Amino acid sequence: MAYASVVSLAQTLEQLNTRIPGLFSDPKIQSLAASLDYFKAFLDDSSKSSYYHQENIKDLVGKFRDALNEAENIIELKICEIHQRGNEDLVPVVQKIELLREELVLSLETCTSHDHDIEPAEDHFETRVGSPSKPSFNANLENDVVGLDDDLEKVIERLLGYSSEREVVAITGMGGIGKTTLAKKAYDYPRVRSRFDVHAWVTVSREYGMRRLLLSLARCIPGMTADKLVEKTEDQLAESLYRKLKDRRYLIVIDDIWSTKVWDDVTRCFPDDENGSRIILTSRLKDVAAYANPDSPLHEMGVLSLDDSWKLLSIKVFGVNDLCPFELEDIGKQIAERCGGLPLAILVVAGHLSKISMRRESWITVARTVNSVVANDPDKCLGVLGMSYNYLSNHLKPCFLSMGAFPEDFEIKARTLIQVWVAEGFLKAERVESLEKVAEECLEDLISRNLIMIKKRRFNGEIRSCGMHDLLRDVSLREAQKEKFLHVTSARYVSNFLAQMNEGRGFSFLSNISLNDSSEFSSHVTRSMFFWGKLLISSPPHRQISLFANFKHIRVLAIISHIFPAFPAEITQLTHLRYLWIRSNGGLPASLSHLYNLQTLVFQQPELYYMHKTLVLPRDIWNMTQLRRLRLLSGNYLSKPKRSTTTDDVLGLSNLEELSHLCFASCTEEVFSCLPNIRKLSILDAASDDASEYLKNLVHLEKLETLKCVCYGQRRLTLSNWCASLTSVKRLILSGCLLLSQDMASLAALPNLEVLKLRDNEFKGCAWTLSDEDEFSQLKFLLLAEPRLLNWEAGSVNFPNLQKLVLRKCIRLEEIPIDIGEICTLGMIELICCSSSAQNSANEIREEQESMGNSCLDIRVYVDDDEPSSLFGFWRAVLD
């Protein structure tokens, strides 16, 4: 899209300016920059006006986009030449830019003449100013359900019914009507949870893969070792599932099923032992829903009534406690009615209304637009959703469109999404804030508009992961292809999409793809590529195929599933890469340092990961000054810093903020002093005699906020002599440690510690006794997982600000300290697979608090675990 091209080119010019000081003093460059500013202003203005959607204007904007992309290609090549050869001769690049500038100015004059001929429509979508914005009320609020009470009651009644036969409860209805929401409410209902021994949820979606579905199910079943699942065939997985479910009362949810074949494939996994097991199935297709159990009635969901539609719209715009202004109520009810009773459409329209001016004229315009969309679009929900996209601000549109690159029903980590957006280059920092902060604000804005769903939150409310409803994803894909922004394909052969290769800014390949002839696989406009399946490569004898050599301008390359035998050499020639996700059984080459623009590297070497071997990082990595995140799966060794060949100064990674799985031998003062801005560090290694001495050097990381230390092997790491120095740390994860009483006292004294996760640690004497002086003053979240712990003595004074306590697999813990319930800030205690005595003490805390009138403390007890591997403590700590 044109806006993304404008912002991207502006950033590239800024980058060239850092390579060539004084670049912007050249009149030609100044003129080009001014033209970019003018065109951006034109886009900001025209996207709010009715004439923007006329075909001649769209064609003109498309030509601008293509010209800007061509200019950026030229400038990026010049940057590459300067970096590689030190050439500061501006003449060739300025001559090329001048030619493009003349064409751009001529096109802008044509556009300006159009502006005089056409009178813009009044902007009824003005964002509210002068008063605080309403808080966002989005579809992710668990307790905010309108119009589902009767449905929920009926589904729960069938789940808890006395029939001993295995029963399928099939929920059907049109897209966006709330089938998944209803299933989730029933699945999480306390009486339902407590009735069943095993709980599992799997989402099928249209992009169905039997093996993926079986693996998803298996990972939810207690006793199925995660490390061995990937080695099994489909038949072996199905048999293992059947055996694990045999003679157990289970509740399985199969969400979003699209064909009867899925049920035929998966039903063999579910034994019928006449013990009251239940399966919830959701589908838009009535015949598919009925196929699973033709003798049981379907639960067919209808659209919301007008009253419920208005109630939902009102809540989402104004909140539960505020009322709609009288002058907006009649037009608001019209808008709700025209959404056709579809909850998803109502939520998205409400998200739009919550962002615009609270004027009657603004709401009338929305009502008219919704009405015309519903009248002209056979799929009225898709039409309403498309309308909401059209009225997004320019800076939000590329963010929304880029979501289509991820597979349907994919759970996206918020940090990954933010890093990809920054690397793409379509975000602009208007103030002094960082691009990461801009990306976070864009994500929050799209969530508040109900265009992106929150999947998981952290205990403090921060967004952990997100996703997109499949109908909204359909809108994203449709608009992205129309804008030549992103092409998503499930094609198996390159030849099937050659026509699009030089048109799309981004590509996402959802399935395995055959790349027999790499010469066809090329593009000069592509900036991002995602590969979700395997790369099927068949190279001729004695000839190595270079898969990515013809994508010179690519910035984001994510090869998620394929494992290369060795790191592809041609990738190190893609000097504009900013984000790289790759898996290889070969190490990282020294030529990796050629990627001087790289900001994020996610590298997995599976062989080292499973064998507990250490990856030796190339020493030239110290030359990668733009690197911000180095995320490695296995333990790694970072050698001492290099010295500059020109100034003899010690090189440092001053921009690096995150470093994963460093080994103890690299935790030296010499290394840490050259990583001045590290905020997140993880350490992975076997404990040794000198480990604590190395960890004393953590004192040199003054900005460290998150520390994870995971030790494997027979020996345990002690915290003596180093844990007291972690004064800046807010989040601490420890695994494989021996915890002494004096060490726990040192942790309690850390002034900024908010999150403490203790996984697979041994408490000295199997006891943790806290004195009144041991106060975790800022601690808000505490996790104890698989501890060697019998006795725990603590009180409310030890955790004055604790908000959530999680006990997982505390199978030897005798009781939870009763005074824990008296912590006034505590909102939840969660027990997963804990001893019966610990469960009893949790119930005692609940009863005592309820007798004192405290109904706010939520205590949840689960008898099964969705992460059941015998190596849970170690692997969970590694991947946390």
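The values are calculated or read from the model by the stated rules, or taken from the named source; none is laboratory data. None of the values given here were measured: they were computed from a predicted structure. Because the Cβ atoms are built from the backbone with ideal geometry, glycine has one as well, and the counts that use them run over all protein chains shown.
Details
- Screening Ser771 against (1) surrounded by fewer than 17 Cβ atoms within 10 Å (Cβ to Cβ); (2) in contact (Cβ under 8 Å) with a residue 40 or more places away in the chain leaves a single unmet condition, (2).
- Candidates Leu281, Leu328, Leu298, filtered to the one that is touching a strand residue (DSSP E or B) at 6+ places or on another chain (Cβ under 6 Å), over 19 Å from Arg219 (Cβ atoms), surrounded by fewer than 21 Cβ atoms within 10 Å (Cβ to Cβ) and not charged (D, E, K, R): Leu298
- Checklist (1) buried (at least 17 other Cβ atoms within 10 Å of the Cβ); (2) of a type outside the set (Gly, Ala, Ser); (3) modelled with pLDDT of 90 or more applied to Ile545, failing item: (3)
- Residues located in the range 440-452, provided they are under 17 Å from Gly404 (Cα atoms) and either in the same structural domain as His352 (by TED's automatic domain parsing) or at pLDDT 90 or above (or both): Cys442, Leu443, Leu446, Ile447, Ile452
- Of the residues Leu704, Leu753, Leu782, Leu747, the single one that is in a strand (DSSP E or B) and modelled with pLDDT of 95 or more is Leu782.
- Set His562, His612, His594: member being out of contact with any helix residue (DSSP H, G or I) (no Cβ under 6 Å at 6 or more places or on another chain) and farther than 25 Å from Gly504 by Cα: His612
- Out of Arg492, Arg473, sole residue that is basic (Lys, Arg), outside the structural domain of Leu342 (by TED's automatic domain parsing) and more than 21 Å from Val349 (Cα to Cα): Arg492
- Scanning the range 174-218 for residues being aromatic (Phe, Trp, Tyr) and touching a helix residue (DSSP H, G or I) at 6+ places or on another chain (Cβ under 7 Å) gives a total of 3.
- Highlighted here are the strands (runs of 3 or more DSSP E) found entirely within the range 194-287 that include at least 3 residues which are touching a Cys at 6+ places or on another chain (Cβ under 8 Å): 198-203.
Residue-wise test of (1) assigned by TED's automatic domain parsing to the domain that holds Val806; (2) over 19 Å from Leu659 (Cβ atoms); (3) in contact with a strand residue (DSSP E or B) (Cβ under 9 Å, 6 or more places away or on another chain).
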| residue | (1), (2), (3) |
| --- | --- |
| Leu726 | no, no, yes |
| Met744 | yes, yes, yes |
| Leu747 | yes, yes, yes |
| Leu758 | yes, yes, yes |
| Gln778 | yes, yes, no |
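- The set of residues from the range 260-305 being within 21 Å of Val204 (Cβ to Cβ) and of a type in the set (Ser, Thr, Tyr) comprises Thr260, Thr267, Ser277, Thr282, Ser283, Tyr291, Ser296.
- Taking first residues from the range 793-804 that are touching a residue at least 24 places away in the same chain (Cβ under 8 Å) and partners that are among the β-branched types (Val, Ile, Thr), the Cβ contacts under 6 Å between residues at least 6 apart in sequence or on separate chains come to Glu793/Thr769; Ser796/Ile823; Phe799/Ile823; Asn801/Thr825; Leu802/Ile823; Gln803/Thr825.
- Condition check for Tyr389 on (1) without any contact (Cβ under 8 Å) to a residue 40 or more places away in the chain; (2) surrounded by fewer than 21 Cβ atoms within 10 Å (Cβ to Cβ); (3) assigned to a helix (DSSP H, G or I): one failure, at (1).
- Restricting attention to the range 397-435, the residues that are part of a helix (DSSP H, G or I), charged (D, E, K, R) and more than 14 Å from the chain's Cα centre (by Cα) add up to 2.
- Leu684 meets the conditions (1) free of Cβ contacts under 8 Å to residues at least 60 places away in the same chain; (2) touching a Ser or Thr at 6+ places or on another chain (Cβ under 8 Å); (3) not in a loop (DSSP other than H, G, I, E, B) in every case but one. The failed one is (1).
- For the range 571-598, a residue qualifies if it is under 24 Å from the mean Cα position of the chain (by Cα) and more than 22 Å from Thr526 (Cα to Cα), and exactly one does: Ser584.
- When the criteria are applied in full, Cys824 fails the requirement of being modelled with pLDDT under 95, surrounded by 19 or more Cβ atoms within 10 Å (Cβ to Cβ) and in a loop (DSSP other than H, G, I, E, B).
- Top-ranked residue of the range 621-656 - restricted to ones that are surrounded by fewer than 19 Cβ atoms within 10 Å (Cβ to Cβ) and under 18 Å from Ile683 (Cβ atoms), ranked as modelled with the lowest pLDDT: Lys640
- Hits in the range 570-619 - residues which are assigned to a helix (DSSP H, G or I) and either more than 23 Å from Ser654 (Cβ to Cβ) or free of Cβ contacts under 8 Å to residues at least 12 places away in the same chain (or both): Glu570, Ile571, Gln573, Pro606, Glu607, Leu608, Tyr609, Tyr610, Met611
Conditions (1) assigned to a loop (DSSP other than H, G, I, E, B); (2) not β-branched (Val, Ile, Thr), marked per residue:
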| position | (1), (2) |
| --- | --- |
| Glu815 | yes, yes |
| Ile829 | no, no |
| Cys834 | yes, yes |
| Ala838 | no, yes |
